[in-house]
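Student: I'd like to ask you about the structure that follows.
Just so it is clear, none of the values below were taken in a lab; they were calculated from the coordinates. Quick caveat: nothing in here was measured; it's all calculated off a predicted structure. Every residue, glycine among them, receives a Cβ derived from its backbone with ideal geometry; neighbour counts consider all protein chains shown.
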Amino acid sequence: MVAGRVTSIQDRDRRGDAIGLTILMAIFLFGVRPGWAQEAAVESEQPQQEVADFSGRWSTTYGVLELTQQGDSARGTYSYGGGSSIEGRVNGNRLQFRYREPIATGEGWFEMATDGQSFAGQWREDGASSWYAWTGTRFTPPIPTDAATGMSGLFDTTYGRLRLFRSGEEVVGSYSFQGGSSIEGRMEGNRLVFRYTEPTAAGEGWFEMAPDGSMFEGAWRADGTDHWSSWVGERVQPVQGIMWLVVLEAPWELSLAENEYSFGEMLRAYFERYPHVRVRHRRFYDLEDFRRATSALAFLAEPVALLVAGHGQGGQLMSEGERIPPDEIGRALAKAPNVFVVHFSSCEMMTGTAPEEIKAQLPEGRSVAISGYATSVDWSASALLEFFYLDLVLGRGMQPGVAAHAVLRDLAFAGDQTDVYSPLGAAQFRFVE
């Protein structure tokens, strides 16, 4: 014990008597009510400061940041450096943290905005004196534009995935059975009565939706038969946060003498490192192949970024010598409501009225961002630009228009003019919404 701090029981008793007498005198002289001490103690307590909620997925300066929070404790991972972690505590609207990367560690802080949708902060590496900005916004991927209720939407069914579109009482759709089949019908109360067409058969049928819209039951029969068979389906709900990169690629080689190469394989290797991005790569060789490949887009539930790679000329895709005009591209996209951005990794696809011809085929009110080049672009220039552009959209969660602005701002060769000594030339990158 510290010297001079020991007191006797009698001393404490005498002090207690004196305090009690003082309280009684205060009540008598000033009319202080009994219980004032307890009330004063309550009033003196400071209200607890609310703790901001940093949990969720964030698009940040250093990639996608996933945070979980329990009380005032927060931890998570972010994509920078191929995988890094963060751990800290929240005090009010500030998260004070330590970070760990494959080759560095350090400290930092984030402060939440009042609406809870963004933060601003700083970081510095251990042993360093300089601080650097680290900002983020809540990751909000695009939402597919088709209705997710009633006789519209995406379903897992007896005969593969089925995508239905309803307009008034009319319903059309496609399903994956036998490589691609279609439905066309009309609502009669709660029942859809339809005709179906498959590559080797046709017939009729009906669906009735459950009251909560989660599933349907129905039946079908082939033309010329009396036998009805069951056809049931369950609505597919998009997985929150998941996005798709689908690459449709035509052959680049013009003869067997040329070495084979694939841009899609490079994109797959790069973007599969993101846990929230699913990558698919398909080839097409002519118009029918292109239609078949794009029809599969309708059977994905989550938002899709579509990249079309191959030779282009004068606003038309080229594959094995066959031309695919922009209106055909638009008709294919009209059946895939979850595609939110299309980039043409092809020469001259943004020349003339090609973008407008594509958009003219889309349903009224449908918005798709379209980007590409208005000239014959250098292979290296397109690769540099597209990795950057797609990383901003898929990796950092930027809206395509914001990402396109960053491309034109940060890449000197992306616009219509560049340095005369540049080996890349001007890419003439174009973006329309």
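Student: Taking only C-alpha pairs under 8 Å that are 6+ residues apart, what is the relative contact order of the chain in percent?
Tutor: The value is 9 percent.
Student: Out of residues 5 or more away from Ser345 or on other chains, whose amide H comes under 5 Å of its own, with H placed 1.01 Å from N in the peptide plane?
Tutor: Under 5 Å from the amide H of Ser345: Val308, Ala309, Gly310.
Student: What is the diffusion coefficient of the chain in µm²/s, taking the Kirkwood radius over Cα pairs and the Stokes-Einstein relation at 37 °C with a viscosity of 0.692 mPa s?
Tutor: For the chosen part, D equals 124 µm²/s.
Student: Where nothing but the Cβ of Lys and Arg (+1) and of Asp and Glu (-1) is charged, how large is the charge dipole of region 56-138 around its Cα centre, in debye to the nearest 20?
Tutor: Rounded to the nearest 20 debye, it is 100 debye.
Student: Turning to a different aspect of this structure: Ranking request for peptides 311-318, 420-427, 360-367: highest mean number of other beta-carbon atoms within 10 Å first, then the rest in descending order.
Tutor: So the peptides 311-318, 420-427, 360-367, ranked by packing, come out 311-318, 420-427, 360-367.
Student: Specify which residue in the list Ala257, Trp244, Val171 is farthest towards the positive end of the charge dipole of the chain, using unit charges on the beta carbon of Lys, Arg (+1) and Asp, Glu (-1), about the Cα centre.
Tutor: Trp244
Student: Apply the Karplus curve 6.51 cos²θ - 1.76 cosθ + 1.60, θ = phi - 60°, to the phi angles in region 384-396 and return the couplings in whole Hz, x for Gly and Pro.
Tutor: With the stated coefficients, region 384-396 comes to 4, 5, 6, 4, 5, 4, 5, 5, 5, 6, 8, x, 9 Hz.
Student: Here is a follow-up. Lys/Arg Cβ at +1, Asp/Glu Cβ at -1, dipole of the chain taken about the Cα centre: which of Gly397, Ser55, Thr158 is farthest positive-ward?
Tutor: Ser55
Student: Sticking with this structure for a sec: Place +1 on the Cβ of every Lys and Arg and -1 on the Cβ of every Asp and Glu in the chain, take the dipole about the Cα centre, and give the residue among Thr375, Pro211, Ala354 whose Cα lies farthest towards its positive end.
Tutor: Selected residue: Pro211.
Student: Oh, and also: Only four residue types carry charge here, +1 at the Cβ of Lys and Arg and -1 at the Cβ of Asp and Glu. Report the dipole size of region 243-432 about the Cα centre in Debye, rounded to the nearest 20.
Tutor: 740
Student: A follow-up question, please. Using θ = phi - 60° and the Karplus form 6.51 cos²θ - 1.76 cosθ + 1.60, what ³J(HN,Hα) does each residue of region 201-213 get, whole Hz, x for Gly and Pro?
Tutor: Karplus values, whole Hz, x for Gly and Pro: 7, 8, x, 10, x, 8, 10, 10, 7, 5, x, 8, x.
Student: Could you rank the peptides 259-267, 237-245 by their average count of other C-beta atoms within 10 Å per residue, with the highest value first?
Tutor: Per-residue Cβ counts within 10 Å, averaged per peptide and sorted highest first, yield 237-245, 259-267.
Student: Given Cβ point charges of +1 (Lys, Arg) and -1 (Asp, Glu) and nothing else, what value in debye, to the nearest 20, does the dipole of the chain about its Cα centre take?
Tutor: Computed charge dipole of the chain: roughly 1200 debye.
Student: Using θ = phi - 60° and the Karplus form 6.51 cos²θ - 1.76 cosθ + 1.60, what ³J(HN,Hα) does each residue of region 214-225 get, whole Hz, x for Gly and Pro?
Tutor: With coefficients 6.51, -1.76 and 1.60, one gets 7, 7, 9, 10, x, 8, 8, 8, 6, 4, x, 10 Hz.
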